[in-house]
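The structure appears right after this line, and notes come after that.
The values are calculated or read from the model by the stated rules, or taken from the named source; none is laboratory data. Everything numeric in this text was worked out from a predicted model, so none of it was measured. FYI the Cβ positions are ideal-geometry reconstructions off the backbone, even for glycines, and counts take in every protein chain you see.
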Amino acid sequence: MSDWGAFGAFVGPFLPELLLLAGALLVFLLDVLEVRRVELNGAIAVAVTAVGLLLVLADLGVAPFAGLALIPAGQIDSIVTPSSAPLYSFTSLGLVFQAFFLLSALLVSLGSMSRPSKERGSAVFFGLLLLATLGMMLVGVASDLLFLVLAIEVVSISTYLLVAYTRRDARSVEAAMKFYIIGALSTVLSLFGVALLFGAFGTTNLYAIEGSAVGTPTLVLLGYGLLVAGLAFKVTLVPFHAWAVDVYDGAPHDVSAFLAGGTKKIGLFAFFLVFIGPILLARWGASFNPLGGPGVEIGPLLQVLLAVLAVVTMTVGNLLALQQKEIKRMLAYSSISQAGYMLIGITVATAPAVAGATLQIFAHVILTTGAFLVVAAVAALGVGARIDDWRGLGLRRPYLGVAFSFMLLGLAGIPLTVGFVSKFVLFSSAIQAEGYFVWLAIAGVLNSAASVFYYARVIKVMFLDAPDPSAPPSRPEAPGLAFEGLGYGRAVAIGLVAVLVIFFGIDPQPVLGVVQSAAQHFVLVGP
Amino acid sequence: MTTLPVGDLVALASGLVAISIFGILTRRNFILLLIALEIGMNAAILTFVYFAAFPQCVTAATCHPLTGQAIAVVVIGLAATEVAVGLAIVLALHRIRGTTNVAEATTLQL
């Protein structure tokens, strides 16, 4: 019997992951049994991600669910000795990110479950969506570089196929091919980086690396440099960003929502895991690790590199977003520039900065997922992809117009939206840190101001411009469907995002409290 | 027994990765591109195996002498999976376009 107890204690904390796996297998099994209904597959995906989200929130001790916690309280944020070198460890920041990943998957599943019922490939879509989410969850608990690379690879391989799941659409397959080529390049770079760090420190474990002696300088420099490049592709930092726009543009809309809102964040969490350690080592020196570790030689250099990448990414992303005529490409570039803001938190690497970046990631997860779901809904109504095609849309489709306006205002960081709270926490943390970090905050504020222009332009086009009389009329509304022919799932997902944007903008405390305590712990005990 | 100096191994592996990156970025034929990807993966595998016998690993408490080899086996599996998915995508592309040439797939460049 004690064997079962030990097994349960080992497996129990991974119940959300196991649920995702079971959901994916069930969806594939139903497809083999020729039960092909989009609603059913969607319902499975929604149920599995919703229950998973609930369990992760319970593990985080969020008030109404805390009784359901699966991970014993002592195992979260426990201090890990470098010599124990665990493959995975539960940090509250990792759990916060798991909640973000599940939220994104939940919104996308909700948004996709009301597509045409006879559509082929829905099992592939929902199955791969769940498998990708499983990989993302594993990234959230990784504390070993090899574990991290493998988990990222689970996500990558699922998403390559997810982009091409329609199979007959040339644009999607081309987007998948581009995505694959860049993803393969990124894998080669990060794997080689891990191999060199293995040579420098004799281990791939993040705790062990940070507790070890100073490694061979060349190997450490090359290793961390290659890891920055490899992971920067995932985060779409400039100059590693060019693929993202084509892929988000060519992929089916729901998949773009998941890529921009969900999977991109695994790269950011990998940045947290891998690079904050050396920066902290450099700051605290001997009091943290008397042997020196990788921080002494690499920490300050890494900080400057990330600061430059942050400023370049937000500026270039914004400048290119200003010129876009298509709504999806505009959102793609805006998503690139947002990654620059998040990088500020990793560069500064104090507890408030980590909290600010995490909050910014939360805002971006819901806003970008929601925005791409609106694009999917509008496309389903037969409206074109150019911004000009959206003229007068807000008046003809007030539900979509108002919801999309909330999301754009949130992305721009207008007060009373969650985007304002996150940017406020993030930029003020950079100012508190002083030194050249103040310039990061200034660059961030200037860029936010510039970004208002292209977000507001879409709102103006939707509400103030008269519709183009020569444009073909949008498809007549299907009778019997709620919310202007959107289908229930999509309408609920879009409405949920719009409500969350305002709700957390007015009262951010529920998220802010959890994120701040997680960031505090992460800076103290994280890998 | 003579051993390969670290510098030489790093130079060799870096050269292989450079060839791989060059191949991935410039090859027009998708199959050749996959081969370039394999070269890069193998450079990483080579590095893992080499460093398994390296003093850092042999003396570290957390490292077993076989760790490097074990990682290499895992990475070989990873590389195989990656190539399988690449072939699936290229098959789908071939059905639509009748070509495996990357340069001809340019609908997205606006």
Worksheet entry | Conditions (1) on the phi < 0 side of the Ramachandran plot; (2) more than 9 Å from chain B (Cβ to nearest Cβ); (3) buried (at least 24 other Cβ atoms within 10 Å of the Cβ): number failed by residue A:236 | (1)
Worksheet, complete the sentence: Of (1) more than 14 Å from chain B (Cβ to nearest Cβ); (2) closer than 20 Å to residue A:234 by Cβ, residue A:333 fails just (1)
Practice prompt. Take the stretch B:38-56 and flag every residue that is outside any helix (DSSP H, G or I) and either within 8 Å of another protein chain (Cβ to nearest Cβ) or at pLDDT 90 or above (or both).
Written response: B:54
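Every residue, every condition in (1) surrounded by fewer than 24 Cβ atoms within 10 Å (Cβ to Cβ); (2) facing another protein chain (nearest Cβ under 10 Å), yes or no:
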| position | (1), (2) |
| --- | --- |
| A:150 | yes, yes |
| A:169 | yes, yes |
| A:174 | no, yes |
| A:182 | yes, yes |
| A:213 | yes, yes |
| A:231 | no, no |
Worksheet item: Regarding residue A:8, is this residue at pLDDT below 90 and either in a helix (DSSP H, G or I) or surrounded by 17 or more Cβ atoms within 10 Å (Cβ to Cβ) (or both)?
Response: yes
Worksheet item: Out of all the residues in the stretch A:58-66, is one or more of a type in the set (Val, Ile, Thr), assigned to a loop (DSSP other than H, G, I, E, B) and surrounded by fewer than 19 Cβ atoms within 10 Å (Cβ to Cβ)?
Response: yes
Discussion item. Quick check on the stretch B:18-37. Is at least one of its residues within 26 Å of residue A:197 (Cβ to Cβ), polar (S, T, N, Q) and more than 11 Å from every other protein chain (Cβ to nearest Cβ)?
Written reply: no
Worksheet item: In this structure, does residue A:146 turn out to be crowded, with 24+ Cβ neighbours inside 10 Å and facing another protein chain (nearest Cβ under 7 Å)?
Response: no
Worksheet item: Is there any pair linking a residue in the stretch B:81-110 that is more than 7 Å from chain A (Cβ to nearest Cβ) and surrounded by fewer than 16 Cβ atoms within 10 Å (Cβ to Cβ) to one that is at pLDDT below 85 and assigned to a loop (DSSP other than H, G, I, E, B), with Cβ under 6 Å and at least six apart or on different chains, and which?
Response: B:94/B:100; B:101/B:28; B:103/B:28
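To keep it simple, each residue is scored yes or no on (1) under 25 Å from residue A:139 (Cα atoms); (2) in contact (Cβ under 8 Å) with a residue 60 or more places away in the chain.
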{"site": "A:5", "(1), (2)": "no, no"}
{"site": "A:15", "(1), (2)": "yes, no"}
{"site": "A:27", "(1), (2)": "yes, yes"}
{"site": "A:30", "(1), (2)": "no, yes"}
{"site": "A:40", "(1), (2)": "no, no"}
{"site": "A:48", "(1), (2)": "yes, yes"}
{"site": "A:54", "(1), (2)": "yes, no"}
Worksheet item: Going through the stretch A:202-216 one residue at a time, which ones are part of a loop (DSSP other than H, G, I, E, B) and farther than 17 Å from residue B:66 by Cβ?
Response: A:212, A:214, A:215, A:216
Worksheet item: Filtering the stretch A:186-196 down to residues that are among the small types (Gly, Ala, Ser) and more than 7 Å from chain B (Cβ to nearest Cβ), which residue is farthest from residue B:8 (Cα to Cα)?
Response: A:186
Worksheet item: Among the residues of the stretch A:11-26, is any in contact with a Leu (Cβ under 7 Å, 6 or more places away or on another chain) and more than 30 Å from residue A:510 (Cα to Cα)?
Response: yes
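Yes or no, residue by residue, for (1) modelled with pLDDT of 90 or more; (2) not hydrophobic (A, V, I, L, M, F, W, C):
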site: A:219; (1), (2): no, no
site: A:232; (1), (2): yes, no
site: A:239; (1), (2): no, yes
site: A:242; (1), (2): no, no
site: A:256; (1), (2): yes, yes
site: A:267; (1), (2): yes, yes
Worksheet, complete the sentence: Inside the stretch A:233-259, the number of residues satisfying the requirement of being touching a strand residue (DSSP E or B) at 6+ places or on another chain (Cβ under 8 Å) and not in a helix (DSSP H, G or I) is 0
Worksheet item: Which residue, of A:199, A:262, is in a helix (DSSP H, G or I), more than 14 Å from chain B (Cβ to nearest Cβ) and either at pLDDT below 90 or in contact with a Lys or Arg (Cβ under 9 Å, 6 or more places away or on another chain) (or both)?
Response: A:262
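A quick yes/no check of all residues on (1) in a helix (DSSP H, G or I); (2) over 22 Å from residue A:498 (Cβ atoms); (3) in contact with a Gly (Cβ under 8 Å, 6 or more places away or on another chain):
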position	(1), (2), (3)
A:357	yes, yes, yes
A:361	yes, no, no
A:410	yes, no, yes
A:416	no, no, yes
A:428	yes, yes, yes
A:439	yes, yes, no
Discussion item. Give all pairs with beta carbons closer than 6 Å in which a residue from the stretch A:70-85 that is exposed (fewer than 13 other Cβ atoms within 10 Å of the Cβ) meets a residue that is at pLDDT below 75 and in a helix (DSSP H, G or I); count only pairs at least 6 apart in sequence or on separate chains.
Written reply: A:79/A:525
Worksheet item: Quick one: would you say residue A:218 is over 21 Å from residue A:519 (Cβ atoms), without any contact (Cβ under 8 Å) to a residue 40 or more places away in the chain and not aliphatic (A, V, I, L, M)?
Response: yes
Worksheet item: Quick one: would you say residue A:222 is assigned to a helix (DSSP H, G or I) and more than 26 Å from residue B:102 (Cβ to Cβ)?
Response: yes
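Every residue, every condition in (1) closer than 23 Å to residue B:37 by Cα; (2) more than 16 Å from the chain's Cα centre (by Cα); (3) at pLDDT below 85, yes or no:
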{"residue": "B:66", "(1), (2), (3)": "no, yes, yes"}
{"residue": "B:74", "(1), (2), (3)": "yes, no, no"}
{"residue": "B:77", "(1), (2), (3)": "yes, no, no"}
{"residue": "B:84", "(1), (2), (3)": "yes, no, no"}
{"residue": "B:88", "(1), (2), (3)": "yes, yes, no"}
{"residue": "B:92", "(1), (2), (3)": "yes, yes, no"}
{"residue": "B:105", "(1), (2), (3)": "yes, yes, yes"}
{"residue": "B:108", "(1), (2), (3)": "no, yes, yes"}
Discussion item. Looking only at residues that are crowded, with 18+ Cβ neighbours inside 10 Å and among the hydroxyl-bearing types (Ser, Thr, Tyr) in the stretch A:215-229, which one is nearest to the other protein chains (Cβ to nearest Cβ)?
Written reply: A:216
Worksheet item: Of all residues in the stretch A:384-399, how many are in contact with a Phe, Trp or Tyr (Cβ under 7 Å, 6 or more places away or on another chain) and not aliphatic (A, V, I, L, M)?
Response: 2
